[in-house]
Amino acid sequence: MPVPGTRAHRLARLLDARLYLCTARRGDGSGFYSDVLGTPAAPGVDLIQLREKGLEWRDELAGLARMTDAATAAGALVSANDRADVAVFAGVDILHVGQDDIPPRLARELVGPDVLIGRSTHDPEQFLAALADPDVDYVCVGPVHATPTKEGRAPVGLELPRLAARHAPPFAPGAKPWFVTGGMDLGTLDAILETGARRVVVVRGITDAPDPGAAAAALARRLRSA
């Protein structure tokens with residue numbers, strides 16, 4: 001079994017992942033994180049990212065530390081958003097970058113070989129470039145629906161996930177993992193699954209739910225049964 005914290009261990013966890021949560025800090029984190037993170041007996045969130053724009057670096061490091069404590073106990077992976085320096089100092093599993101952030105090639109020089117790198121894409125050209133990029137470990141496609149978490153970003157609809165499924169069939173040997181973003185919840189999930197997608201990024205579908213733990217569990221069950 002790969003050693004925790006190594007690239008091999010993180011890749012194995014990524015390849016099995018279905019449900020990716022992006023969230024702002026949640027108080028001290030203890031209740032929320034333990035509710036939404038999965039266990040082998042009760043799947044939930046597999047990857048969790050601290051996404052809160054404008055944080056001072058001290059606050060971001062502290063937020064990632066609380067998140068990591070909970071995620072490590074649950075066997076989930078933790079992602080920093082945008083900032084390679086924060087990813088290094090926080091010791092997280094993943095750095096996620098957008099099209100306007102540090103390019104994956106340069107990010108790799110900072111974070112080293114063991115930290116996974118994810119890349120957001122919004123059109124076929126960006127997706128195919130990320131798919132071919134040796135420094136990118138997974139790709140996000142979207143947003144498929146308009147969402148306030150991507151203010152000003154036009155929705156891409158369902159054709160981009162369909163293209164992604166053709167070029168990287170989920171769970172096919174050697175296929176790079178990819179996640180669909182933008183308005184994901186139980187009400188929109190079946191249409192996403194019909195495109196061939198099997199991994200999603202969720203924000204408000206969990207964080208704004210009356211019972212975030214139950215919402216995460218329901219999404220995880222549906223994804224793992226598809």
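The values are calculated or read from the model by the stated rules, or taken from the named source; none is laboratory data. It should be emphasised that the depicted structure is a prediction, and the values quoted were computed from it without experimental measurement. With ideal geometry, Cβ positions are generated from the backbone for all residues, glycine too; neighbour counts draw on all protein chains shown. Side chains are part of the model used for accessible areas, which takes the heavy atoms of the whole protein and leaves out ligands, DNA and RNA. Shrake-Rupley method; radii C 1.70, N 1.55, O 1.52, S 1.80 Å.
Here the strands (runs of 3 or more DSSP E) wholly within the range 1-85 that include at least 1 residues being small (Gly, Ala, Ser) and without any contact (Cβ under 8 Å) to a residue 60 or more places away in the chain are 77-81.
Counting only residues that are aromatic (Phe, Trp, Tyr) and either under 27 Å from Gly196 (Cα atoms) or open to solvent by 70 Å² or more (accessible area, probe 1.4 Å) (or both), the range 12-71 holds 2 of them.
Residue by residue, here is whether (1) modelled with pLDDT of 95 or more; (2) more than 16 Å from the chain's Cα centre (by Cα); (3) open to solvent by 10 Å² or more (accessible area, probe 1.4 Å); (4) not small (Gly, Ala, Ser) holds:
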| residue | (1), (2), (3), (4) |
| --- | --- |
| Leu77 | yes, no, no, yes |
| Gly98 | yes, no, yes, no |
| Val115 | yes, no, yes, yes |
| Arg119 | yes, no, yes, yes |
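Of the strands (runs of 3 or more DSSP E) contained entirely in the range 103-204, those carrying at least 3 residues that are among the β-branched types (Val, Ile, Thr) and touching a residue at least 40 places away in the same chain (Cβ under 8 Å) fall at 200-202.
Thr188: more than 20 Å from Arg162 (Cα to Cα) and among the β-branched types (Val, Ile, Thr), yes or no? Considered against the rule, which asks whether it is more than 20 Å from Arg162 (Cα to Cα) and among the β-branched types (Val, Ile, Thr), Thr188 comes out as no. Among the conditions (1) outside any loop (DSSP other than H, G, I, E, B); (2) open to solvent by less than 40 Å² (accessible area, probe 1.4 Å); (3) β-branched (Val, Ile, Thr), Val88 misses just one, which is (2). Of all residues in the range 154-174, those that are at pLDDT 95 or above, over 17 Å from the mean Cα position of the chain (by Cα), of a type in the set (A, V, I, L, M, F, W, C) and loosely packed, with under 15 Cβ neighbours inside 10 Å total 1. Against the numbered list (1) free of Cβ contacts under 8 Å to residues at least 24 places away in the same chain; (2) out of contact with any Ser or Thr (no Cβ under 7 Å at 6 or more places or on another chain), Gly98 comes up short only at (2). Being open to solvent by less than 40 Å² (accessible area, probe 1.4 Å), aliphatic (A, V, I, L, M) and either modelled with pLDDT under 95 or touching a strand residue (DSSP E or B) at 6+ places or on another chain (Cβ under 6 Å) (or both) holds for only one residue in Ala220, Ala209, Ala146, and it is Ala220. Residues of the range 163-194 that are in contact with a Pro (Cβ under 6 Å, 6 or more places away or on another chain) and over 16 Å from His122 (Cβ atoms): Ala175 alone.
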